[in-house]
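Each value in this text was obtained by applying a stated rule to the coordinates, not by laboratory testing. Fair warning: this is a prediction, and the values are worked out from it, not measured in the lab. Cβ: placed from backbone, ideal geometry, glycine included. Neighbour counts: every protein chain shown.
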Amino acid sequence: MSKPFYITTAIDYLNGRPHLGHAYEKIATDVIARARRSLGEKVFFLTGLDEHGQKVQQAAQKEGQEPQAYCDALAADWKEFARQLQLTNDDFVRTTEPRHKAVVQAILAKLHAAGHFYKAKHQGFYSVREETFLTEKDRRPDGTFDPAFGEVIELVEENYYFDLKQHQAWLLEYLEAHPDFIRPTSRRNEVLGLLKSNPLEDLCISRPVARLNWGIPLPFDPAYVTYVWFDALVNYLTVPAAHGDPTVLEALPATGLQPSSPETAPSLWPADAHVIGKDILKFHAVYWPIMLKAMGLPLPKQIIVHGWWQKDGARISKSTGNVVEPLAVIQEWGLDAFRYYVLRELDLGPDGNWTDAGFAARYQAELANGLGNLVNRSLSMLKRYRQGVVPARSDELAPDAAKAVAATERHWRDHELQGALQTIWALVNRANQYVDQTAPFKLAKDPAQAARLDEVLYNLGEICRVLAVLLWPFIPTTAERIYAQLGLGASPGRFTEAAWGGLTPGQAVGEPAPLFPRKDLVAK
Ligand code: ME8
């Protein structure tokens, strides 16, 4: 079986409800997955939940629940959230699933047997929030630790360590030789800087059960559970293994997982892209590659690092109440408006800032008055002036469409989602300008201009159709509604449909209906 394009998101901590940052990452990944599918590629899109560790255990305790019961109840909400975002994920991994535990334990056993771990005593300062020992480098000039570390306690502990240092030179060389491994470049440089300036600290991969029992037991020492990050990163291999990926199962024969049908088992690993936020770069760009090398598995092809959202210029925080509730926004404005705004406003890379006013402004100008108005007036004029029947083909706007189609494909392949939307809206604006320039409402009054009116109406209908194809990965429901309103049975989810001339002369269009109702009208 040919290898699908395998793309993953970070798996979210199950210690609260999904917020804007979670929604953004998942939608961006979904758009990349849909775009690849539209281009005819096989895709496997994975998302899921990170359920072990201190954060989740404490959140369960606060609710007075057993961690597993707490996770099961919340996980149902998060899966429902994925459904409401219309994510097209092919699997959903939970780190408390038996298949995941089997893979984590197989890896631990293999690396232990190969001598990658050693046991040592450590005394130091420990951040409860970050679940990690802090080093002298984490101190501020006045000697205190950043409040971001939360409660810091002094601890003496014996644990298992993963010998990272011996892989540092290899990793540096690998990064130098693979300039596209981490993007954007600023994030790559961050990792290069880190590797060049400091010897890597060995990674503590265990937690004593006496202190934390909500984790996967070490197969070689039941007095310990696995450090949550070692556990979480493995999710990217769990699902390939569970689906019978031969590369993973050969490297980890001890999982006990069997492909249900070896002939159809997909070759997923290595992942084509891990999409993650900037705060978890070191885990993905340093620890994960070294873990994979130790297992004898190839590295993922790319790590795509996105920035963080703020709201009204301040950190999003439950405690200060500075939050965006994705579901409330979706309820009020519709899913596609939300999907559109987050990707149009924030490119994959830099940080962004949500403002309600900015959201409303984009909705009104770009969705309602831009795209919505174009589709609505194009279809309404076809109904009014041609009884809803598509006139003879005309290619006047074909070159504009072809340019936008080619540029959109380039943006999709390069994961430039904001760039794609800018390109697509240049075509929306061009088409709206075309209406103003050709003035079909005037042409309709002059019988001598009937042939010209036919041309204009064909071009407008066809541009709407092409736009639906380009927009499908971003705002799939809207794209499908445009197709339905044009009377087309096919789906706009195939890029080949973007070729000019898809509307057939003589074909009847459907009923126009506003795609993005103007909010002031709705309120009345
Ligand atoms: O880090 N803006 O989980 P998480 C944009 N379980 N993205 C944001 C954000 C914001 N304000 N806040 C968080 C974890 N994110 C681990 C991941 S992967 C093997 C384990 C992003 O729930 C964050 O950067 O804290 C991360 O990519 C994702 O949301 C999950 O964060």
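For the reader, a short list of remarks on this structure follows.
- Pair list, Cβ < 6 Å and 6+ apart or interchain, from region 132-159 residues that are in contact (Cβ under 8 Å) with a residue 40 or more places away in the chain to residues that are loosely packed, with under 10 Cβ neighbours inside 10 Å: Glu158/Lys121
- Test result for Val275, in contact with a Lys or Arg (Cβ under 7 Å, 6 or more places away or on another chain), β-branched (Val, Ile, Thr) and within 11 Å of the ligand (Cβ to nearest atom): no
- Selection of region 382-403 for residues being in contact with an Asp or Glu (Cβ under 9 Å, 6 or more places away or on another chain) and closer than 12 Å to Gly506 by Cα yields Arg386, Gly388, Val390, Pro391, Ala392, Arg393.
- Conditions (1) assigned to a loop (DSSP other than H, G, I, E, B); (2) more than 29 Å from Phe5 (Cβ to Cβ): number failed by Arg207: (1)
- With respect to the stated conditions, Tyr118 is hydroxyl-bearing (Ser, Thr, Tyr), over 32 Å from the mean Cα position of the chain (by Cα) and surrounded by fewer than 18 Cβ atoms within 10 Å (Cβ to Cβ).
- Single residue of Arg344, Arg339, Arg315 found to be within 16 Å of the ligand (Cβ to nearest atom), of a type in the set (Lys, Arg) and touching an Asp or Glu at 6+ places or on another chain (Cβ under 8 Å): Arg344
- Checking His19, His52 one by one, the residue that is more than 9 Å from the chain's Cα centre (by Cα), surrounded by 23 or more Cβ atoms within 10 Å (Cβ to Cβ) and not hydrophobic (A, V, I, L, M, F, W, C) is His52 and no other.
- Taking region 278-302 as the range and being under 18 Å from the mean Cα position of the chain (by Cα) and within 16 Å of the ligand (Cβ to nearest atom) as the test, the residues that pass are Lys278, Asp279, Ile280, Leu281, Phe283, His284, Ala285, Pro300, Gln302.
- All positions within region 127-149 that are surrounded by 12 or more Cβ atoms within 10 Å (Cβ to Cβ) and part of a loop (DSSP other than H, G, I, E, B): Val128, Arg129, Glu130, Glu131, Leu134, Asp146
- Conditions (1) out of contact with any Lys or Arg (no Cβ under 9 Å at 6 or more places or on another chain); (2) within 28 Å of Gly349 (Cα to Cα): number failed by Leu421: (1)
- Complete set of residues in region 1-25 that are β-branched (Val, Ile, Thr) and near the ligand (Cβ under 9 Å from one of its atoms): Thr8, Thr9, Ile11
- Filtered residue count, region 160-193, keeping only those that are in contact (Cβ under 8 Å) with a residue 12 or more places away in the chain, aliphatic (A, V, I, L, M) and farther than 30 Å from Asp414 by Cβ: 1
- Taking helices (runs of 4 or more DSSP H) as the structural unit, those lying wholly within region 368-448 and holding at least 3 residues that are crowded, with 18+ Cβ neighbours inside 10 Å correspond to 373-386, 398-413, 417-438.
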